[in-house]
Amino acid sequence: MRAVLRSPRLLTREALAGIVTTLALVPEVISFSVIAGVDPMVSLVASVVLAVVMSLLGGRPAMVTAAAGSVALVIAPLVRTHGVEYVLPTVLLAGVVQIVFGTAGLARLMRFIPRSVMIGFVNALGILIFVAQVPHLIDVPWIVYPLFALTIAIVVLLPRFTTVVPAPLVAIVVVTVIVVAAGLTDVHTVGDEGPMGGGLPGLTPWLVPFSPETLGIILPTALSVAFVGLMETLLTAKLVDDITETPSHKGKESWALGVANIAAGAYGGIAGCAMIGQTVVNVKIGRARTRVSTLAAGLFLLLLVTGLSSVMARIPMVALAAVMMVVAITTVDWHSVRPSTLRRMPVPETLVMVVTVGVVVATNNLAIGVAVGVLLAMVLFARRIAHVIRVERTVEPATADGDSDSAGPGADGSARPRARVRYDVVGPLFFGSSNDLVEHFAYADDAAVAGDSAHSTTVLVDLSRASVWDASSVAALDSVETKFAAHGLPVEFVGFDERSGSFHGRLTGQLGG
């Protein structure tokens, strides 16, 4: 960031990226305020607070945070049922949950989200962004379509000649000037999305009683706001990590989001999280890489809200829709849906990606889609590895000498040879794979070997190529030992690694029937 502040060229790039991001942010924030049932100015001011606070405290530079649609969808039922006054305590409680989540290091759970779910998340994001712009091109005056084509042309072609100024910013300015200069009053503008009066609302008043009843009302929604916001924010952070090839601090991003939401609730009135589409605009189209871009976005939004609301209101929606459609197309991972890629990919991986995309598009909620995708991936993974375990049986011949393998003196006083049945268990032992472990042993056949009066038989189970991961596996080994004991055969378990041996030793014989 210091290098940016010392370089006029980099500083200009970051600031312009923030301005473009703000212009792409405004109509969505206004739309989300309608979904949530709150005044548009509430969401705009909350977005200013969120952008500024996360620029200062967040763990992922260049990621845009504002009042988001996923949070609006969660809050909307609460507002309809109990009223807008319950939003503040809900947001404050959600912020506390996010702070606890971040400081406890739970953001590390993101490592368990599979690549197939992440690709589904990205592809679904592209679809949602694109579909959200389509209404701005339906049942509109004919002049909208030439303006749309002009915007696309500028965004696509201008970077071939210069990247000094972001192409989307040029496109938005040019189309706005044309609409205003030509007096095209029938072209839909940002101002048509909702009222945008100047000024700031001040601190959000607390209008509900401090009581257990209030806690009961807000708790379910607060938890939903907290975890939906965290999931969308951390997934977006991972996406930005991949785009910029730089790491981020997920724990810091989590607790910073909680602080930002508390501040936004107190001064603004609603919560937010990472704005995925606008973040892609910032880091891909604007080529932003530092906190300067998001701080510039927050400050420019503040300027628009307080002093330039009339200018902001005259921006044509078709220009913003065209920019976001380009963003949507570049967001989709087209390599992942090529026929050649799909032929090579395992069917379960493709299924998880498709289901993630389908659920996100059907529910219009990225968090729900990701949750379903992760659960499906876990089930398919458990199903796959449940069948990788194998047990190899070997009957070792009896030894005639009196070494350690001998079974003691026979009836004539000589050493009685001992036969040994050896089982090599290969693969991870956990609840999915160990449930049918008992069926892999030939109890009757081994007893028949022992029935030879000339031999004494022992059973050795070698686990050097296996690992014991849970109590179900220990219980399965106990069952194997019990079944052999019922046939009069002793069992010896060998080859445990240090962790498995300690785990088995602690639980064996203690798990009941």
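Key figures
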{"item": "Residue pairs meeting the criteria (Cβ under 6 Å; at least 6 apart or on separate chains; first at pLDDT 90 or above, in the range 1-25; second surrounded by fewer than 24 Cβ atoms within 10 Å (Cβ to Cβ) and not in a helix (DSSP H, G or I))", "result": "Glu14/Thr290"}
{"item": "Selected residue (criterion: surrounded by the most Cβ atoms within 10 Å (Cβ to Cβ)) from residues of the range 473-496 that are assigned to a loop (DSSP other than H, G, I, E, B) and in contact (Cβ under 8 Å) with a residue 40 or more places away in the chain", "result": "Leu489"}
{"item": "Unique match (being closer than 20 Å to Leu463 by Cβ, at pLDDT 70 or above, open to solvent by less than 30 Å² (accessible area, probe 1.4 Å) and assigned to a strand (DSSP E or B)) among Gly432, Gly427", "result": "Gly427"}
{"item": "Subset of the range 217-270 [aromatic (Phe, Trp, Tyr) and within 29 Å of Arg115 (Cα to Cα)]", "result": "Phe227, Trp255"}
{"item": "Of residues in the range 134-170 being among the aromatic types (Phe, Trp, Tyr) and either at pLDDT 90 or above or under 15 Å from Ile315 (Cβ atoms) (or both), the one surrounded by the most Cβ atoms within 10 Å (Cβ to Cβ)", "result": "Phe148"}
{"item": "Qualifying residues in the range 29-50 (those that are open to solvent by less than 10 Å² (accessible area, probe 1.4 Å) and modelled with pLDDT of 85 or more) - the one nearest to Leu73 (Cα to Cα)", "result": "Ser43"}
{"item": "Helices (runs of 4 or more DSSP H) contained in the range 285-385 and holding at least 3 residues polar (S, T, N, Q)", "result": "291-306, 347-363"}
{"item": "Residue check for Ala398: assigned to a loop (DSSP other than H, G, I, E, B), more than 42 Å from the chain's Cα centre (by Cα), at pLDDT below 70 and over 30 Å from Arg383 (Cα atoms)", "result": "no"}
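The values are calculated or read from the model by the stated rules, or taken from the named source; none is laboratory data. Since this is a predicted model, take the numbers as computed values, not measurements. Ideal geometry is used to build each Cβ from the backbone, glycine not excepted, and the neighbour counts take in all protein chains shown. Surface accessibility is based on the protein's heavy atoms, side chains included, excluding ligands, DNA and RNA. Shrake-Rupley method; radii C 1.70, N 1.55, O 1.52, S 1.80 Å.
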